[in-house]
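I have placed the structure first, in the form of structure tokens, so that the comments after it can refer back to it.
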Amino acid sequence: DYKGQKLAEQIFQGIILVSAVIGFIYGYITEQFGWTVYIVMAGFALSCLLTLPPWPMYRRNPLKWLPVQESGTEDKKPADRKPKRHTKS
């Protein structure tokens, strides 16, 4: 559903943003760029764990699909149809 997609996107962006800010600050204080990368990667992994699986909190508003409409053209068997012939140009 669309509300679930919006929630997942907000959670994903929020976690990435917070981990990037924390990683930058910690990496700046310790003067180690590697810690910045590790913290951002951990935030990315956490956000993927929370947003990629179809958790029930993302499926609260299912979409209403239209019913299947049957038409008369589907009743014909493939053997009943005449083969199309290609004309040479």
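Report, by residue number, each residue of the stretch 1-29 that is open to solvent by 70 Å² or more (accessible area, probe 1.4 Å) and among the polar types (S, T, N, Q). Before the answer, list the steps.
Within the stretch 1-29, the subset open to solvent by 70 Å² or more (accessible area, probe 1.4 Å) is 2-3, 5-6, 9-10, 13, 17-18, 21-22, 24-26, 28-29.
Result: Q5, Q10, Q13.
When you scan the stretch 27-44, do you find a residue that is under 27 Å from D1 (Cα atoms) and without any contact (Cβ under 8 Å) to a residue 60 or more places away in the chain, even just one?
At the first step, the residues of the stretch 27-44 found to be under 27 Å from D1 (Cα atoms) are 43-44.
Subset that is without any contact (Cβ under 8 Å) to a residue 60 or more places away in the chain: 43-44.
Yes, the stretch 27-44 contains a residue that is under 27 Å from D1 (Cα atoms) and without any contact (Cβ under 8 Å) to a residue 60 or more places away in the chain.
Quickly run through the stretch 60-89 and pick out the residues that are modelled with pLDDT of 65 or more and of a type in the set (G, A, S).
Listed by number, the list holds a single entry, S71.
Evaluate the following for I15: is it in contact with a Gly (Cβ under 7 Å, 6 or more places away or on another chain) and modelled with pLDDT of 90 or more?
Working: in contact with a Gly (Cβ under 7 Å, 6 or more places away or on another chain): yes; modelled with pLDDT of 90 or more: yes.
Yes; evaluated as a whole, the condition is true for this residue.
The values are calculated or read from the model by the stated rules, or taken from the named source; none is laboratory data. Everything numeric here is computed off the predicted structure, so don't read it as measured data. Backbone-built Cβ (ideal geometry, glycine too); neighbour counts: all protein chains shown. Note: accessible area is taken over every heavy atom of the protein model, side chains too, but ligands, DNA and RNA are not part of it. Shrake-Rupley method; radii C 1.70, N 1.55, O 1.52, S 1.80 Å.
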